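Participant: Dumping the structure here so I can ask a few things about it.
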Amino acid sequence: MNPEQQYIDLFVQYEAMICQHSAGVLNAQRAKAFACFEQAGFPDKKQEQYKYTDIAKLFEPDYGLNLNRLDIPVNPHEVFKCDVPNMSTALYFVVNDTFYKEQLPKTSLPEGVLLGSLKEIAESHPDLVQKYYAQLADSSKDPITAFNTMFAQDGFFLYVPDGVVVEKPLQLINILRSTVDFMVNRRVLIVLGKGAQLRLLVCDHTMDDVNFLSTQVCEVFAGEGSVFDLYEMEETNLSSTRISNLYVRQEADSDVLINGITLTNGCTRNRTEVVLAGKGAEISLNGMVIADKDQHVDNSTFIDHTASDCTSTELFKYVLDDESTGAFAGKVLVRPGAQKTSSQQTNRNLCATRKARMFTQPQLEIYADDVKCSHGATVGQLDENSLFYMRSRGIPEREARLLLMFAFVNEVIDNIRIDALRERLHLLVEKRFRGDLNRCKGCGNCK
Amino acid sequence: MLEIKDLHASINGKEILKGINLVVKPGEVHAIMGPNGSGKSTLSSVLVGNPAFEVTKGSISFYGRDLMQLSPEDRSHEGIFLSFQYPVEIPGVSMVNFMRAAVNEQRKYRNQLSLSASEFLKLMRDKRAVVEMDNKLANRSVNEGFSGGEKKRNEIFQMAMLEPRLSILDETDSGLDIDALRIVAQGVNSLKSAETSTIVITHYQRLLDYIKPDIVHVLYNGRIVKTGGPELALLLEERGYDWIKEEIAE
């Protein structure tokens, strides 16, 4: 059975309903997205960009869709306890693709900041949203983006005006909630004006033991001189599939830090594209993956140096146990004219068992001559000499392995610019390694 | 306390130790000297259970226990400590976490309660003084960025923390300047008692000026070929190892 056809038919049949429950600005993009998707279909492993994850196969099972956007009765504040509490963040929830409007945090956001449901803000501020929506995420370049643009009706929108500094880190919890196997198509749009500053932590969680497939397209516009930290943490479960496309456009002198941490998951494919469009922009793109059982995590990145004097640093570390598989394909393009580029890409991977497999593919395309670029990738096991040294001091082998694994991933955690989050993550990672992280049996209340 | 009988050991199929016999009693300091390649480091590796080495013949008993039955971590818990010749760097693992894990595992083995955080930090402060190590040590990763001398002092610091019954110092003096040597030797001497023993493995006489041996052995070609008192070390200093090689050849 051809999974594309199923969704093409679905779209044709329900297009009116989809549009009815969304906003004009979003609806305007659907026709073009549909045309692209109809032509391309789901990517399969024969396509270079998707060779490590069989996307088409992931869409074969049946998933329910909430196209007429029935309310889901849950108060996430009551039933959900995120592992990163007491962090002094302003906490928001998105349940499936719906921004939760009750019990919003008491902290008032600075003047001019817009935060909330993408659909609602697209209705109240159409000009603002239209200026940015789908401007980075090109449906003709990526079938998943096309798919998401066709079906996404809502999500999260955040706008920080010129010069505004949001002091308190914001935390957004994406909860997947359903009684049946379920698909969510979520859209995120983040716009930072000139000199704006924001730190955002996004945590992905599931509350139920059904099969979830979520697609997410996130577009980030970082204005000139802006500072933006995006921390994404995935703590879902073995029956979750996450396909995420993140597009970032950075203007001159902007400073963006992205850190994606996959703690527990089923099958994850994250694509990140960063365009350094203005002189002196800086991007620090980081990722940490801890996988076991038969989890699969595929990170595909693309950093495009179009302007001069920009700096990009990539650090991705994977720890793969049992029969898990990981992939990292990082492409850096330095265009002609992007002089004084400084680019560094590092991917280090630990395979704890013989069956765990890592695929790593660095790619560097350089067309300017006054640049400093480097990349390195290693796949290995824990250092035997270090293990023995620790055992000779009386530390049992299993504990020594754990200490070495924490040490390995800590480099990525140390990049986090929110102190409380960094501390908490050290603890979470330790719990994860010791097998103490129990996510998604939820808390029992919601059943 | 330590009895080695006819010990044969090899690595990658090559036999290095060809029948070692050695008895160490509590309170004794033994020096093991010998030219390069004689098997000195192999002996220390085998004593602490390095899996790269295979014991093909013979036995080692420690306070009556068959050491071959014990894992490296249990040998440490029983009170054997090796100061490595080339201590490895472990970036990302802090000295505090490392030592706390080691100390508490040892206490668990001996059915003692773990130390609280503050008790442990106090212990570290007290023992740091033994090798004149400063405060910055605690937050650094194990041996990362340490000079040769600092690494050796760190070995003795760990020895002070774990209070072993038998310490094996594997070429602890190599790469040390006079000051570092003095501090290290002082540290070792301050930890000595009538119940503890030390095996000092060294090339040169120099360290033995500070850590005075009771018995000196010469290891050559995988066997102990000569045993004597401290004056044997002085003789080696004067005449080198050639005369021993000649003696054996005869």
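Participant: State the number of residues belonging to the stretch B:127-143 that are touching a residue at least 12 places away in the same chain (Cβ under 8 Å) and not in a helix (DSSP H, G or I). Please lay out each step first, then the result.
Facilitator: Applying the first criterion (touching a residue at least 12 places away in the same chain (Cβ under 8 Å)) to the stretch B:127-143 yields B:127-128, B:130-133, B:137-143.
Now narrow it down to the ones that are not in a helix (DSSP H, G or I): B:132-133, B:140-143.
Qualifying residue count for the region: 6.
Participant: In the stretch A:382-420, which residues are in a helix (DSSP H, G or I), touching a residue at least 40 places away in the same chain (Cβ under 8 Å) and basic (Lys, Arg)? Show your work before the answer.
Facilitator: First pass over the stretch A:382-420, keeping only residues in a helix (DSSP H, G or I): A:384-392, A:397-413, A:419-420.
This time we only want the ones that are touching a residue at least 40 places away in the same chain (Cβ under 8 Å), so: A:401, A:405, A:408-409, A:411-413, A:420.
Of everything in the stretch A:382-420, just one residue is in a helix (DSSP H, G or I), touching a residue at least 40 places away in the same chain (Cβ under 8 Å) and basic (Lys, Arg), namely A:Arg401.
Participant: On to the next question. Can we say A:Leu70 is of a type outside the set (S, T, N, Q) and modelled with pLDDT of 90 or more? Can you show your working first?
Facilitator: On the way: of a type outside the set (S, T, N, Q): yes; modelled with pLDDT of 90 or more: no.
It is false that A:Leu70 is of a type outside the set (S, T, N, Q) and modelled with pLDDT of 90 or more.
Participant: Something else about it: Based on what the data block shows, is B:Met133 of a type outside the set (Phe, Trp, Tyr) and within 14 Å of chain A (Cβ to nearest Cβ)?
Facilitator: Details: of a type outside the set (Phe, Trp, Tyr): yes; within 14 Å of chain A (Cβ to nearest Cβ): no.
No.
Participant: When you scan the stretch B:146-160, do you find a residue that is charged (D, E, K, R) and within 11 Å of chain A (Cβ to nearest Cβ), even just one?
Facilitator: As a first pass, look at the stretch B:146-160 and keep what is charged (D, E, K, R): B:150-153, B:155.
Next cut, within 11 Å of chain A (Cβ to nearest Cβ) only: B:155.
Scanning the stretch B:146-160 turns up at least one residue that is charged (D, E, K, R) and within 11 Å of chain A (Cβ to nearest Cβ).
Participant: From the list A:Gln363, A:Gln344, A:Gln381, which one is under 30 Å from A:Glu48 (Cα atoms), modelled with pLDDT of 95 or more and not charged (D, E, K, R)? Outline the logic, then answer.
Facilitator: On the way: A:Gln363 fails: modelled with pLDDT of 95 or more; A:Gln381 fails: modelled with pLDDT of 95 or more.
None of the other options fit; the residue is A:Gln344.
Participant: Collect the residues in the stretch B:46-72 that are touching a residue at least 24 places away in the same chain (Cβ under 8 Å) and within 14 Å of chain A (Cβ to nearest Cβ), keeping them in residue-number order. Show your work before the answer.
Facilitator: If we filter the stretch B:46-72 for residues that are touching a residue at least 24 places away in the same chain (Cβ under 8 Å), which is where we start, we get B:46-49, B:52-63, B:72.
Correct list: B:Val46, B:Leu47, B:Val48, B:Gly49, B:Ala52, B:Phe53, B:Pro72.
Participant: Here's another thing I want to ask about it. Take the conditions surrounded by fewer than 21 Cβ atoms within 10 Å (Cβ to Cβ), β-branched (Val, Ile, Thr) and more than 23 Å from A:Thr107 (Cα to Cα) and apply them to A:Val184. Does it pass? Give the derivation first.
Facilitator: On the way: surrounded by fewer than 21 Cβ atoms within 10 Å (Cβ to Cβ): no; β-branched (Val, Ile, Thr): yes; more than 23 Å from A:Thr107 (Cα to Cα): yes.
Judged against the criteria, A:Val184 is not a match.
Participant: Something else now. Any residue in the stretch B:190-206 that is farther than 17 Å from B:His30 by Cβ and either at pLDDT 90 or above or under 16 Å from the mean Cα position of the chain (by Cα) (or both)?
Facilitator: Yes; the residues of the stretch B:190-206 include at least one that is farther than 17 Å from B:His30 by Cβ and either at pLDDT 90 or above or under 16 Å from the mean Cα position of the chain (by Cα) (or both).
Participant: Might you check whether a residue that is on the phi < 0 side of the Ramachandran plot, in contact (Cβ under 8 Å) with a residue 60 or more places away in the chain, assigned to a loop (DSSP other than H, G, I, E, B) and touching a Gly at 6+ places or on another chain (Cβ under 6 Å) occurs anywhere in the stretch A:199-213?
Facilitator: Yes.
Participant: Mind checking which residues of the stretch A:413-431 are surrounded by fewer than 19 Cβ atoms within 10 Å (Cβ to Cβ), within 14 Å of chain B (Cβ to nearest Cβ) and closer than 29 Å to B:Ser71 by Cα?
Facilitator: Result: A:Glu430, single match.
Participant: Quick test for you: out of A:Asp309, A:Asp294, pick the one residue that is at positive phi and without any contact (Cβ under 8 Å) to a residue 60 or more places away in the chain. If you could, list the steps in order and put the result at the bottom.
Facilitator: Working: A:Asp294 fails: at positive phi.
Of the residues listed, the single one that is at positive phi and without any contact (Cβ under 8 Å) to a residue 60 or more places away in the chain is A:Asp309.
Participant: How do the strands (runs of 3 or more DSSP E) wholly within the stretch B:12-76 filter down when requiring 2 or more residues that are closer than 15 Å to B:Arg223 by Cα and within 17 Å of the chain's Cα centre (by Cα): which remain?
Facilitator: Values: elements: B:14-24, B:29-33, B:54-62.
Per the criteria, B:14-24, B:29-33.
Participant: Mind checking which residues of the stretch B:177-234 are among the hydroxyl-bearing types (Ser, Thr, Tyr) and under 19 Å from B:Ser44 (Cα atoms)?
Facilitator: Listed by number, the residues that qualify are B:Thr196, B:Ser197, B:Thr198, B:Thr202, B:Tyr204, B:Tyr220, B:Thr227.
Participant: Take the residues of the stretch A:201-217 that are within 20 Å of A:Phe316 (Cα to Cα) and out of contact with any Cys (no Cβ under 7 Å at 6 or more places or on another chain): which is surrounded by the most Cβ atoms within 10 Å (Cβ to Cβ)? Please lay out each step first, then the result.
Facilitator: Residues of the stretch A:201-217 that are within 20 Å of A:Phe316 (Cα to Cα), as a first pass: A:201-204.
Next, from what is left, pick out any that are out of contact with any Cys (no Cβ under 7 Å at 6 or more places or on another chain): A:201-202, A:204.
Numbers: A:Leu201: 23, A:Val202: 21, A:Asp204: 25.
Checking each candidate, the answer is A:Asp204.
Participant: OK, next. Could you figure out which of (1) touching a helix residue (DSSP H, G or I) at 6+ places or on another chain (Cβ under 8 Å); (2) among the basic types (Lys, Arg); (3) buried (at least 17 other Cβ atoms within 10 Å of the Cβ); (4) in contact (Cβ under 8 Å) with a residue 24 or more places away in the chain isn't true of A:Arg434?
Facilitator: Result: A:Arg434 fails condition (3) only.
Participant: Right, something else. Would you please name the residue that is nearest to B:Arg128 (Cα to Cα), looking only at residues in the stretch B:156-204 that are surrounded by 18 or more Cβ atoms within 10 Å (Cβ to Cβ) and of a type in the set (S, T, N, Q)?
Facilitator: So, considering only residues that are surrounded by 18 or more Cβ atoms within 10 Å (Cβ to Cβ) and of a type in the set (S, T, N, Q), the one nearest to B:Arg128 (Cα to Cα) is B:Gln158.
Here's the yes/no breakdown for (1) closer than 18 Å to B:Arg75 by Cα; (2) surrounded by 21 or more Cβ atoms within 10 Å (Cβ to Cβ); (3) of a type outside the set (S, T, N, Q); (4) in contact with a Lys or Arg (Cβ under 6 Å, 6 or more places away or on another chain):
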residue	(1), (2), (3), (4)
B:Ile11	no, no, yes, no
B:Leu17	no, yes, yes, no
B:Lys25	yes, no, yes, no
B:Met33	no, yes, yes, no
B:Ser44	yes, yes, no, no
B:Leu47	yes, yes, yes, no
B:Ala52	yes, no, yes, no
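Participant: Hey, can you tell me all the residues within the stretch A:375-389 that are at the interface with chain B (Cβ under 7 Å from one of its Cβ atoms) and either among the aromatic types (Phe, Trp, Tyr) or surrounded by 17 or more Cβ atoms within 10 Å (Cβ to Cβ) (or both)? Steps first, answer last, please.
Facilitator: Within the stretch A:375-389, the first condition is being at the interface with chain B (Cβ under 7 Å from one of its Cβ atoms), and the residues that meet it are A:385-386, A:388-389.
A:Ser386, A:Phe388, A:Tyr389 - these are the residues of the stretch A:375-389 that are at the interface with chain B (Cβ under 7 Å from one of its Cβ atoms) and either among the aromatic types (Phe, Trp, Tyr) or surrounded by 17 or more Cβ atoms within 10 Å (Cβ to Cβ) (or both).
Participant: Could I ask something else about it? If A:Pro362 passes every condition in (1) within 19 Å of A:Ile290 (Cα to Cα); (2) more than 14 Å from chain B (Cβ to nearest Cβ) but one, which one does it miss?
Facilitator: (1) is the only condition that A:Pro362 fails.
Participant: Would you check if A:Arg354 is within 14 Å of another protein chain (Cβ to nearest Cβ) and either part of a strand (DSSP E or B) or not hydroxyl-bearing (Ser, Thr, Tyr) (or both)?
Facilitator: no
Participant: Here is a follow-up. Within the stretch B:77-87, can one find any residue that is touching a residue at least 24 places away in the same chain (Cβ under 8 Å), part of a strand (DSSP E or B) and away from chain A (no Cβ under 14 Å)?
Facilitator: The answer is no; no qualifying residue exists.
Participant: Sticking with this structure for a sec: Please find, within the stretch B:99-123, the residue that is surrounded by the fewest Cβ atoms within 10 Å (Cβ to Cβ) out of those that are outside any loop (DSSP other than H, G, I, E, B) and away from every other protein chain (no Cβ under 14 Å).
Facilitator: We begin by selecting, within the stretch B:99-123, every residue outside any loop (DSSP other than H, G, I, E, B); these are B:99-109, B:117-123.
Checking which are away from every other protein chain (no Cβ under 14 Å) leaves us with B:117-123.
Numbers: B:Ala117: 10, B:Ser118: 8, B:Glu119: 12, B:Phe120: 17, B:Leu121: 14, B:Lys122: 12, B:Leu123: 16.
Top of the filtered list is B:Ser118.
Participant: Looking at the stretch A:391-412, can you tell me whether even one residue there is away from every other protein chain (no Cβ under 14 Å) and at pLDDT 90 or above? Before the answer, list the steps.
Facilitator: Step one: of the stretch A:391-412, the residues away from every other protein chain (no Cβ under 14 Å) are none.
Looking for residues that are away from every other protein chain (no Cβ under 14 Å) and at pLDDT 90 or above, one finds none in the stretch A:391-412, hence no.
Participant: Suppose we filter B:Glu119, B:Glu73 for residues that are acidic (Asp, Glu), under 15 Å from B:Met161 (Cα atoms) and modelled with pLDDT of 90 or more; which single one remains? Let's see the steps before the verdict.
Facilitator: Working: B:Glu73 fails: under 15 Å from B:Met161 (Cα atoms).
After ruling out the rest, the residue left standing is B:Glu119.
The values are calculated or read from the model by the stated rules, or taken from the named source; none is laboratory data. Just so you know, these numbers come straight off a predicted model, no measurement behind them. Because the Cβ atoms are built from the backbone with ideal geometry, glycine has one as well, and the counts that use them run over all protein chains shown.
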